[in-house]
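So the structure is just underneath, and the comments pick up after that.
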Amino acid sequence: MYGGGYIYDEPNKRPLAEQLAEDPDKLAAFEARIAKGEKIEPGDWMPSEYRRQLIRLIEQHAHSEIIGALPEGTWITRAPGFKRKLALIAKVQDEIGHGQLLYNAAETLGKSREAMINDLLSGKSKYSNVFNYPAETWADVAVIGFLIDAAAIVNQVANAKGSYGPYCRALERICYEESFHLKQGHDAFIELATGTPAQKTMVQEALNRWWQPIMHFFGPPDKTSSHSEKLMQWKVKMASNDDMRNQFLDMYVPKIWELGLSLPDPLLRKNEAGKWEYTDPDWDEFFRVINGEGPCNEERLRVRKWAEENGRWVRKALMQPSDKKSFPVA
Ligand code: COA
């Protein structure tokens, strides 16, 4: 495990209570910049609550990328055919790269990479609910690649227009790559949905398993979302949880139905006002999962701990001052 904590207001290191009491003039100037659509950059003054919220959100996003590589990663050796294998390897590598970009963005706010990884491994920091579930069949990989990447794009395209420069720039790059992931997931999904009866059954069963986690993905309903109001005011979140969920349903339910597949919700329909109605997913299950009781949480963290421990020598070697580095001569 790493050591290290994080500081709120580099380089002042003022006491926390003092940092949290904001100067009203600075706060007003900051909010005026946000209202004008300006980007906030790492060296700019920002309220400590803005910094804290961004760290929480970007760090959770980064953890989700590296943990999210695991369920699909287990399918690399079993992907059907050489081309699907190549595409999956590339995708899994991209996801780890997204984690790197996002950890870099979070580090600009003053929390060290070491502290973030520690908080993931100790269970203090969350990662996305969807990566708590197993990928039981190849069809699960197709559903993840198509629908979870699609859900992530809905979220990330919106937030890429937000107020914090380093996060927005990371999201822009991530969205390009995610669009490619979505295409590979869509392609695998269509192949199964239009394939043999056994393939169609396999993709239908995967869809049934993943539907509720996907509905949970956008976060709790707006009326119970604890952070949305402030984050939307500060343009960190550019759409509410329910709006993002509705946008996703609008874009992808017709595509699923067109393929002759069904969704495991008898109440799912678009009403006259253009809003999607659905059965409320089980929010107790959601909170159990994100608070550490997800079916694969223990396994996911065990793999990450193994990676941390077995990669320690590499980090140590890289961190040595250059005059102490010795390279083997051939
Ligand atoms: N998975 C895990 N936890 C989630 C979640 C999800 N899908 N959706 C919400 N939560 C958690 C929040 O982190 C928060 O917990 P906390 O206070 O302990 O941190 C709690 O549920 C209440 O939710 P809410 O107030 O709505 O959180 P939020 O304003 O942060 O919105 C997201 C949730 C996911 C929309 C937001 O965090 C976000 O856009 N994150 C960046 C994108 C991302 O992480 N994508 C995942 C991987 S691609």
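For the chain, the residue among ILE256, ALA239, ALA135 whose Cα projects farthest onto the positive side of the dipole built from Cβ charges is ALA135. Sorted on the mean count of surrounding Cβ atoms within 10 Å across their residues, most packed first, peptides 237-248, 75-86 read 237-248, 75-86.
So what is the calculated 222 nm ellipticity per residue for the chain, using -39500 (n - 2.57) for each DSSP H run with n of 4 or more, over all residues, to the nearest 500 deg cm²/dmol?
Rounded to the nearest 500, the figure is -19500 deg cm²/dmol.
A cut-off under 14 angstrom between Cβ atoms defines the neighbours of GLY81, and their net charge, with Lys, Arg +1 and Asp, Glu -1, is +2.
Just checking the listed ones, LEU259, LEU182, LEU109: in the Gaussian network model of the chain with Cα springs under 10 Å, the one fluctuating most is LEU259.
Value of Rg to Rh for segment 201-330, rounded to two decimals, is 1.18; Kirkwood radius and Rg both from alpha-carbon coordinates.
Counted over segment 55-127 with a bin width of 10 Å, the fraction of Cα pairs per bin, in whole percents, is 21, 44, 23, 12, 1. When GLU277, GLU298 are compared by accessible area at a 1.4 angstrom probe, the order from most to least is GLU298, GLU277.
Around the Cα centre of segment 48-206, unit charges on the Cβ atoms of Lys, Arg, Asp and Glu (plus for the first two, minus for the last two) sum to a dipole of about 220 debye. Once the chain from PHE287 to ILE190 is taken as fully extended at 0.36 nm per residue, the excess over their C-alpha distance is 31.7 nm. Placing +1 on the Cβ of every Lys and Arg and -1 on the Cβ of every Asp and Glu, with no other charges, gives the chain a dipole of roughly 940 debye about its Cα centre. A cut-off under 9 angstrom between Cβ atoms defines the neighbours of ALA158, and their net charge, with Lys, Arg +1 and Asp, Glu -1, is +1. Can you list the residues, at least 5 places off or on another chain, whose amide H is less than 5 Å from the amide H of ILE40, using H built in the peptide plane? Residues meeting the amide H criterion: TYR164, GLY165. Computed over the Cα atoms of segment 137-236, the ratio of the radius of gyration to the Kirkwood radius (Rg/Rh) comes to 1.08. Taking the centroid of alpha carbons for each part, segment 23-99 and segment 235-309 are 18 Å apart.
Here ASP23 sits with roughly 60 square angstrom of accessible surface, probe radius 1.4 Å.
Ranked by the mean number of other Cβ atoms within 10 Å of their residues, highest first, the peptides 215-224, 134-143 fall in the order 134-143, 215-224. The gain in end-to-end length when the GLU38 to MET251 segment is fully stretched comes to 73.7 nm, 0.36 nm per residue minus the alpha carbon separation.
Using a probe of 1.4 angstrom, how much of the accessible area of the chain is carbon and sulfur, in percent? Intermediate results must be reported in sequence, preceding the final value.
On the way: 9360 of 16630 Å².
It is 56 percent, rounded to a whole number.
Note that the chain carries a Kirkwood radius of 21.5 Å, evaluated over its alpha carbons pair by pair. Remark: segment 73-215 is approximated by an ellipsoid whose semi-axes, taken from the C-alpha gyration tensor as √(5λ), come to 30, 16, 15 Å, largest first. Ligands, DNA and RNA excluded, the heavy atoms of ARG302 present near 140 Å² of accessible surface to a 1.4 Å solvent probe. Computed with every protein chain present, the accessible area of CYS296 is close to 10 Å² [probe 1.4 Å].
Given axes a ≥ b ≥ c from the Cα gyration tensor, I'd like to know whether segment 77-118 is rounded (a/c under 1.5), prolate (a/b larger than b/c) or oblate.
prolate
Accessible surface calculations at 1.4 Å, restricted to protein heavy atoms, place the chain at 50 Å² per residue. Taking the empirical scaling 2.2 N^0.38 Å for compact globular proteins as reference, segment 259-330 has a Cα radius of gyration ratio of 2.23.
The values are calculated or read from the model by the stated rules, or taken from the named source; none is laboratory data. Note that the coordinates shown come from a computational prediction; the quantities given were computed from them, not determined experimentally. Glycine gets a Cβ as well: all are built from the backbone with ideal geometry, and neighbour counts include every protein chain shown. Heavy atoms of the whole protein, side chains included, go into the accessibility calculation; ligands, DNA and RNA do not. Shrake-Rupley method; radii C 1.70, N 1.55, O 1.52, S 1.80 Å.
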